[in-house]
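Have a look at the structure below before the remarks.
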Amino acid sequence: MERNLMKGNEALAEAAIRAGCKCFFGYPITPQTELAAYMAKRMNKAGGVFLQAESEIAAVNMVLGAASTGVRAMTSSSSPGISLKSEGISYLAGSDVPAVIINVERGGPGLGGIQPSQQDYWQATKGLGHGDFHLIVYAPASVQEMVDMVVTAFNKADEYRVPAMILADGLLGQMMEPVAFPEISAEQPDKSSWAANGHKNSREHHIVNSLYIDPKTLEDKIIERYERYAKIKENEADAELYLTDDADIVVCAFGATSRVVKSAINDARAMGIKVGMCRPKTVWPFPEKQIREACANASKVLCVEMSMGQMIDDVKLALNCEKPVEFFGRTGGVIPTPAEVLDKIKSMGGNK
Amino acid sequence: MTNEILIAGFGGQGVLFAGKILAYCGLMDNKELSWLPSYGPEMRGGTCNCSVCISDEPVGSPLVLTPDILIAMNQPSFDKFVGTVKAGGTVFVDSTLVDCACDRTDIKIFGIPSSQLADENELKGGSNIILLGKIIKETGIFTLDTMKKAIEKVVPPSKAALIANNFRAIELGMNS
């Protein structure tokens, strides 16, 4: 496959178009603006719709409308914008409408800053809006993975009728790396059993809705949805294991941070420290089994994040708190350095 | 083998463009690579820098903190980053604009009057490319052929007329 050089933000957009995304609704915000700009340039030529909405809230509700008719639709933003979209995302989940939402995270809370962060982990995995619901959340660590995961996100969203999110950050969005686009099947799943599209009165109306006044009906709906979540947990959790077989210390990190950690691990290995990494590629569902396997022979675990420590909760839960889990993080847009992570690994000892 | 390159200067000097050419050189040579621009508050203050990693292995952290090669196109960038260059590293400076006196003896510093050369040769804004020519001559990181191919790839079709000027700037740098 031919390698091209692309920014992460542009690669996300191109991958979505190739995955059959027909509607993109966006609103500019640093550091994801190139995504919307690329869509503005390409989407029309690709036979789709690009629309810059008047706000993030409008954009996500346009996604709800478009995706309800059965087309593939996407929106993207960065942290403060995702908070604005959270109401619409809850409606997507409550209406069982598949769609893809991209968060190129920046520092928070509030307006925060514009540099990379991973402070939206809790929001993405635990509570992106009101009500009992989840999204499938993918955490790419390279521009190539951004491409591959957008395609997977559209497919899995359709398969399970849930919204899916790409949880990236400003570093991945802004950087350029070689990227190759896989052949993507033009065939899309049949949504005719539920999509609210034109049918010239040839069938009963389809209603896409998230309002259920009768509590028992609503409870049944949610329980059915949780049966799908159970299948997602069983089938879709994914992680990369790096040098974990003989590792005495296992580092857990995702996204851009995992690249910094990998550099630190290579340096530590050169010094004879037995350290490896477990990198969640999906953060919901969380790859609990993979983490347990990766840490089976380790005496200590370290979680490194661009936050004050959020994924560390899930790591502790996955390990049933049976092993000590330490934390190192930088926040507010500061990117940890390989040297800082190496110092932390060294301070934890680690059998040579 | 990994080469970590940091290019720094004012906005408008072609810092990101020079980085893009180096990144495309890596692509042409089938290397692993990353290109990361500064987009933070420092950029909004008028200065700009760009990290490029060229490697035989997958690139870990794309942020260059201790460069093997530094290109400094203004005084604040030289002053800020010269101390971060790895021992044995190389620094390329636009000496028309930058006083590159420095007491480090473990690095090599090349001062090239690239802005002046660009003006004298009617290559306005070509200082960045002249510096790239000097880099391939002194470090051998890429061949002239690779860099020419990269330039053909980076210059957009609507500006194809500028390719010849860029080639001239590279050769000026190589011969400086």
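Here A:GLY48 meets each of (1) crowded, with 19+ Cβ neighbours inside 10 Å; (2) touching a Pro at 6+ places or on another chain (Cβ under 7 Å) with one exception, condition (2).
Regarding segment B:134-143, can at least one residue be identified that is among the charged types (D, E, K, R), farther than 18 Å from B:PHE78 by Cα, open to solvent by 10 Å² or more (accessible area, probe 1.4 Å) and in a helix (DSSP H, G or I)? Among the residues of segment B:134-143, at least one is among the charged types (D, E, K, R), farther than 18 Å from B:PHE78 by Cα, open to solvent by 10 Å² or more (accessible area, probe 1.4 Å) and in a helix (DSSP H, G or I), which makes the answer yes.
Being among the aliphatic types (A, V, I, L, M), surrounded by fewer than 16 Cβ atoms within 10 Å (Cβ to Cβ) and either more than 11 Å from every other protein chain (Cβ to nearest Cβ) or assigned to a helix (DSSP H, G or I) (or both) is a property that B:ALA8 lacks.
In segment A:287-308, which residues are surrounded by 22 or more Cβ atoms within 10 Å (Cβ to Cβ) and touching a helix residue (DSSP H, G or I) at 6+ places or on another chain (Cβ under 6 Å)? Let's see the steps before the verdict.
Within segment A:287-308, the first condition is being surrounded by 22 or more Cβ atoms within 10 Å (Cβ to Cβ), and the residues that meet it are A:287, A:291, A:294-295, A:298, A:301-307.
Passing the criteria: A:ILE291, A:CYS303, A:VAL304, A:GLU305, A:MET306.
Just give me the residues in segment A:1-22 being assigned to a strand (DSSP E or B) and either surrounded by 22 or more Cβ atoms within 10 Å (Cβ to Cβ) or within 13 Å of another protein chain (Cβ to nearest Cβ) (or both), in sequence order. Once the filter is applied, which keeps residues that are assigned to a strand (DSSP E or B) and either surrounded by 22 or more Cβ atoms within 10 Å (Cβ to Cβ) or within 13 Å of another protein chain (Cβ to nearest Cβ) (or both), segment A:1-22 yields A:ASN4, A:LEU5, A:MET6, A:LYS7, A:CYS21.
Of the residues making up segment A:23-53, those that are of a type outside the set (A, V, I, L, M, F, W, C), more than 14 Å from every other protein chain (Cβ to nearest Cβ) and either closer than 19 Å to A:PRO140 by Cα or in contact (Cβ under 8 Å) with a residue 12 or more places away in the chain (or both) are A:GLY26, A:TYR27, A:TYR38, A:ARG42, A:GLY47, A:GLY48, A:GLN52. Checking segment A:251-259 against the condition returns a match, with at least one residue being of a type in the set (S, T, N, Q) and surrounded by 15 or more Cβ atoms within 10 Å (Cβ to Cβ). Residues that are over 16 Å from B:LEU132 (Cα atoms) and either in contact with a Cys (Cβ under 9 Å, 6 or more places away or on another chain) or open to solvent by less than 20 Å² (accessible area, probe 1.4 Å) (or both) within segment B:90-106 comprise just one, B:VAL98.
When segment A:65-85 is filtered for residues that are open to solvent by 30 Å² or more (accessible area, probe 1.4 Å) and over 27 Å from A:GLN118 (Cβ atoms), the ones remaining, listed by number, are A:GLY65, A:THR69, A:VAL71.
Being more than 14 Å from chain B (Cβ to nearest Cβ) and touching a Phe, Trp or Tyr at 6+ places or on another chain (Cβ under 6 Å) is true for just one of A:GLY272, A:GLY329, A:GLY349, A:GLY309. Which residue is that?
That would be A:GLY309, the only listed residue that is more than 14 Å from chain B (Cβ to nearest Cβ) and touching a Phe, Trp or Tyr at 6+ places or on another chain (Cβ under 6 Å).
The values are calculated or read from the model by the stated rules, or taken from the named source; none is laboratory data. It should be emphasised that the depicted structure is a prediction, and the values quoted were computed from it without experimental measurement. With ideal geometry, Cβ positions are generated from the backbone for all residues, glycine too; neighbour counts draw on all protein chains shown. We work out accessible area using only protein heavy atoms, side chains counted, and drop any ligands, DNA or RNA first. Shrake-Rupley method; radii C 1.70, N 1.55, O 1.52, S 1.80 Å.
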